[in-house]
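To start, the structure itself, in structure tokens.
The numbers here are math on the coordinates, done by the rules we state, and not lab data. These numbers come from a predicted model, not from an experiment. Cβ placement follows ideal geometry from the backbone for every residue including glycine, while neighbour counts extend to all protein chains displayed.
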């Protein structure tokens with residue numbers, strides 16, 4: 001119920017934004033890449049006849065909605081749900097910190113409700129910085145596919161265990177499960193080993209608990225991973241005890257991340273965690289899980305920074321002139337589908353006229369490649385006519401079916 005309430009709230013905010021766009025003639029005009037102007041409607045309940053207090057509450061609610069929309073534009077819904085508590089603490093409780101300025105465009109009293117239409121300039125660069133500090137990757141696309149090669153040795157294991165064994169019965173260790181959880185929370189895609197097709201090279205490596213960089217990169221590339229995380233983890237009994245039967249356990253993880261296209265090591269980490277338990281296996285499990293989660297967090301932060309740097313080098317800024325946007329619902333669908341195209345890093349509506357809009361798109365490729373990707377989209381209620389293409393420019397008409 002809690003998450004579904006959030007989803008309804010976000011969808012309602014998007015709807016209100018579209019209504020406000022019709023009223024003001026602006027959908028999402030950005031002054032520059034680091035700031036975004038958003039129009040939203042806020043409401044406040046009049047209690048005890050205090051209109052001024054209701055007005056202030058309405059303005060505050062509108063600023064929260066503006067920041068919510070900016071965050072929703074940077075993150076997929078899955079990450080918003082997974083990180084809702086963190087997002088609430090950072091943004092929704094302190095929304096004014098992310099609003100550069102605002103002005104009330106119009107306001108009215110309706111019964112016991114006071115409504116304001118507010119235009120707010122939200123600082124997206126500050127939001128992105130806070131997301132990065134929280135370990136949440138801003139941006140809906142272009143995150144690498146991760147494949148783990150982690151050999152784990154818990155208490156009671158004679159030798160390290162790993163999923164690439166002779167019979168493939170040992171799938172994931174506690175370390176990898178915790179690392180995977182953190183990677184998924186940060187927006188990465190993690191390859192499930194159950195879906196892998198084994199080749200001859202794999203057969204020669206299945207008995208090795210520790211891969212060389214070359215082995216890991218070669219196998220990872222064949223299994224269509226962008227990044228492989230290679231390492232090992234071990235649980236030991238630590239010297240501290242309490243009351244004789246409560247023992248301490250140490251979990252240690254060594255891991256490194258390698259790009260499969262270049263073989264470059266882009267991240268590395270060493271994490272050690274101590275846990276307390278009466279049972280050896282449970283104590284080792286907890287120590288391995290906690291160390292794995294810290295290792296995943298550290299690697300995720302390093303990979304995000306490195307990946308983001310590489311993406312920026314290959315991103316091209318393209319201009320798309322879209323005609324036929326008087327049917328606002330078609331334009332909204334077009335923008336949503338555009339955002340789902342692999343390689344689209346971000347998009348901004350730069351100008352909106354009566355039946356024409358200009359979108360600025362940051363894309364990994366040229367205009368022709370983006371046009372080819374758009375041609376594969378099924379918009380159902382309308383079609384597109386791409387009738388002008390240059391190196392960094394597209395002109396498109398939305399055509400009703």
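Descriptive notes on the structure:
- Shape of segment 347-395, Cα gyration tensor, a/c cut at 1.5: oblate
- Simple spin-label estimate for residue 274 and residue 388 in nanometres, 7 Å along Cα-Cβ: 7.0 nm
- Spatial separation of Cα centroids for segment 328-359 and segment 82-108, in angstrom: 24 Å
- Using the Cβ-Cβ distance between residue 221 and residue 103 with R0 set to 45 Å, the FRET efficiency from 1/(1 + (r/R0)^6) comes to roughly 0.25.
- Sorting 173-183, 35-45 by average packing, meaning the other beta carbons within 10 Å per residue, from highest down gives 173-183, 35-45.
- Each of the peptides 287-294, 111-118, 143-150 was scored by the mean count of other Cβ atoms within 10 Å over its residues; in descending order, highest first, they stand as 287-294, 143-150, 111-118.
- Shape category assigned to segment 301-399 from the gyration tensor of Cα positions, a/c cut at 1.5: prolate
- Tensor-based shape of segment 43-92 (alpha-carbon gyration tensor, a/c under 1.5 rounded, otherwise prolate or oblate): prolate
- With a cut-off of 18 Å on the backbone N, the residues of segment 49-78 near the modelled label site 7 Å out from residue 126 along Cα-Cβ are 59-74.
- Given R0 = 45 Å, the distance between the Cβ atoms of residue 47 and residue 332 translates into a calculated FRET efficiency of 0.80.
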